[in-house]
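Q: Dropping the structure in here first, questions after.
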Amino acid sequence: MASHKLSLGARPEYAPLTLIRMFGKHKIGVLAIWLLLSGVAVVVVMQLPTIYRSEALILVDSQKIPERYVNSSVAADLRDRLATINQQILSSTNLNKLIGDYGLYKEEKKNHVPEDIIEMMHRDIEIQVEKGWTANRPGAFRVAYLGKSPSTVAEVANRLANLYIEENLKAREKQAGETEGFIENRLKEAKGKLDKLEADVSKYRL
């Protein structure tokens with residue numbers, strides 16, 4: 001009598017044709033599960049709130065004075081300048097004013113403290129630096145805001161863009177004033193040296 005040994009660790013191997021036959025026999029069940037999961041996914045997506053995004057592109061204009069006379073204020077890293085402006089514009093005082101002016105986060109205020117509302121505003125604001133067209137120098141940046149109302153989102157994004165433009169103009173005016181003072185001092189130094197040279201020439205002639 002022939003003896004047969006049964007291997008407990010052996011795993012059954014399924015050929016592709018066998019798998020196709022198994023799917024054919026249970027295709028109704030598989031289809032039902034797929035429809036059920038799809039329906040659940042659709043319901044979950046429908047329950048999610050609609051989020052709108054509005055952004056403004058701000059171009060950074062280069063200065064007109066040749067760089068051999070005055071260091072370009074745009075040549076400085078735009079990210080560093082934005083970091084400084086961000087500290088002023090995205091301060092709690094300014095964000096609270098924006099929230100009050102546009103009536104933002106009315107529902108969230110019922111269950112959250114003001115600090116949490118400010119943090120939500122921070123998360124909904126996006127600042128992205130764009131690459132310029134020359135020497136990979138950043139020549140623009142985008143200011144975006146996310147929210148539930150399309151009209152409000154557009155207004156807040158435009159307001160933020162205007163704030164950045166105004167703050168940048170203030171910084172440029174301050175830097176221009178410092179540059180003007182620097183040029184005046186250099187002119188005074190040059191005039192002093194010229195007067196001294198003229199005096200030395202006069203003494204030499206005498």
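Q: Being open to solvent by less than 60 Å² (accessible area, probe 1.4 Å), assigned to a helix (DSSP H, G or I) and modelled with pLDDT of 75 or more is the filter here, so list the residues in region 54-94 that pass it. Before the answer, list the steps.
A: Taking region 54-94 as the starting set, the residues that turn out to be open to solvent by less than 60 Å² (accessible area, probe 1.4 Å) are 54, 56, 58, 60, 63, 66, 70, 72-76, 78, 81-83, 85-86, 89-91, 94.
Those still in the list that are assigned to a helix (DSSP H, G or I) too: 78, 81-83, 85-86, 89, 94.
Across region 54-94, the qualifying residues are Leu82, Ala83, Ile85, Asn86, Ile89, Asn94.
Q: Right, something else. Every residue in region 43-53 that is open to solvent by 90 Å² or more (accessible area, probe 1.4 Å) and at pLDDT 70 or above, please.
A: Answer for region 43-53, where residues must be open to solvent by 90 Å² or more (accessible area, probe 1.4 Å) and at pLDDT 70 or above: Ile51, Tyr52, Arg53.
Q: Report every pair of residues separated by at least 6 positions or lying on different chains whose Cβ atoms are under 8 Å apart, first residue within region 80-101 and more than 17 Å from Val156 (Cα to Cα), second assigned to a helix (DSSP H, G or I).
A: If the second residue must be assigned to a helix (DSSP H, G or I), the pairs left are Arg81/Asn168; Arg81/Ala171; Thr84/Ala171; Ile85/Tyr164; Ile85/Glu167; Ile85/Asn168; Ile85/Ala171.
The values are calculated or read from the model by the stated rules, or taken from the named source; none is laboratory data. The structure presented is a predicted model; accordingly, all values stated were derived computationally and were not measured. So basically every Cβ, Gly included, is an ideal-geometry build from the backbone, and we count neighbours across all protein chains shown. SASA here: full protein model, heavy atoms, side chains in, ligands and nucleic acids out. Shrake-Rupley method; radii C 1.70, N 1.55, O 1.52, S 1.80 Å.
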